[in-house]
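Any read-out appearing in this document is the output of simple, stated calculations on the displayed coordinates, not a laboratory observation. Just so we're clear, the structure is a prediction, and the values are computed from it rather than from any experiment. Note that each Cβ is placed from the backbone with ideal geometry, even for glycine, and that neighbours are counted across all protein chains shown.
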Amino acid sequence: MSTSILNADLHCHSVVSDGTLTPEALAARAHANGVELWALTDHDEVGGQQRAAASAKAHGMKYLTGTEISVTFAGQTVHIVGLGFDAQDPRIVEGLRRTRGGRSERAQEMSQGLARVGIHGAFEGALKYVGNPELISRTHFARHLVESGVCQDTSEVFRHYLTDGKPGFVPHRWASLKEAVQWITEGQGVAVIAHPGRYNFTANEEFALFSEFKAHGGQGVEVVTGSHTPPEYVKYADMAREFNLVASRGSDFHSPDESRIDLGTLPWLPGQLTPVWELLAHRIQ
Ligand code: AMP
Ligand code: MN
Ligand code: MN
Ligand code: MN
């Protein structure tokens, strides 16, 4: 039987970044939903990895280490998921620490931008939702603006306040594509382009992203993710074959109240793709 029929969920977030559940609660939820192979992929952080791996083990679930690295490419933010790397490798630990730097200053500037349109105290408001002081993110601002009645839901906050050109948006320079891929691969992991359907790239820019990612040693792409529509599953399955990349599957679950797709509930990977867990069989804990 093809190994693509495996309930693997290799993308989600805990309170260590911008999720609302602890690593332990996520592990329990993943297990209850039938996940067989799990990875916690907090943004720019590996601080939850030991807890996640231990909880996975307690539930009898297989585990791969994970993170989701923020990268600036062609003037946009791109996310690169790392899987199966050594979470104690000093190169990735230090690289992620540097990538997290500057989030606090950025958040202060976001708050000033929001104050200019009459929304005051957003920094302090967002901080109430932050589990990790080094990882204040737009998601925490979005939760605060929903809770304080400015918007109905977080996607409305992003549309009106937190995306390029809106009052709370502050451009930020993250890691380079090359750095992110190298940190992951130097630690024996596999780098995966996260939710490629979410970026606003032209076809040429998208081609450049895939080509440069390959050239730096990147090996995988998310095909089935909570961020893709069914036609995008097909498009990125084709791209995986064209670029000879292995395929990943992950819900990108953040919160029971916000996420459309729950852990472990996505469709299977399309056939004829090599699942990323085949490449990482020797790294599964
Ligand atoms: P940051 O790293 O601070 O720029 O925040 C990025 C996070 O914001 C992403 O990881 C998502 O969790 C969240 N996000 C981005 N765009 C949207 C959106 N349109 N709707 C809801 N959440 C979003
Ligand atoms: Mn997020
Ligand atoms: Mn992402
Ligand atoms: Mn994510």
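What number, rounded to the nearest 500 deg cm²/dmol, is the helix-based mean residue ellipticity at 222 nm of the chain, given -39500 (n - 2.57) per DSSP H run of at least four residues and division by all its residues? Only helices count here, giving -10500 deg cm²/dmol.
Database remark: amide H of residue 67 closer than 5 angstrom to the amide H of 82 (H placed geometrically; neighbours at sequence offset of 5 or more, or on other chains; Pro and chain starts carry no H).
Straight-line reach from residue 128: taking Cα to Cα under 29 Å and skipping same-chain neighbours fewer than 8 places apart, the lysines in range are 166.
Using the crude model of +1 on Lys and Arg Cβ and -1 on Asp and Glu Cβ, and no other charge, please compute the dipole size for the chain relative to its Cα centre, in debye to 20. Dipole of the chain, to the nearest 20 debye: 160 debye.
Kindly state, to the nearest 0.05, the FRET efficiency for residue 285 paired with residue 214, given R0 = 30 Å and r defined as their beta-carbon distance. In this case the efficiency is close to 0.65. Within the chain, the longest segment free of exposed loop sites, counting trypsin sites (Lys or Arg not before Pro) that fall outside DSSP classes H, G, I, E and B and have at most 15 other Cβ atoms within 10 Å, spans 1-127. Listed by chain and number, the aspartates and glutamates whose C-alpha is less than 20 Å from the C-alpha of residue 178, apart from same-chain residues fewer than 8 away, are 42, 44, 45, 68, 86, 89, 94, 186, 205, 206, 212, 222. Amide H contacts of residue 73: 78, each under 5 Å away and 5 or more positions distant or on a separate chain (H built 1.01 Å from N in the peptide plane; Pro and chain starts excluded).
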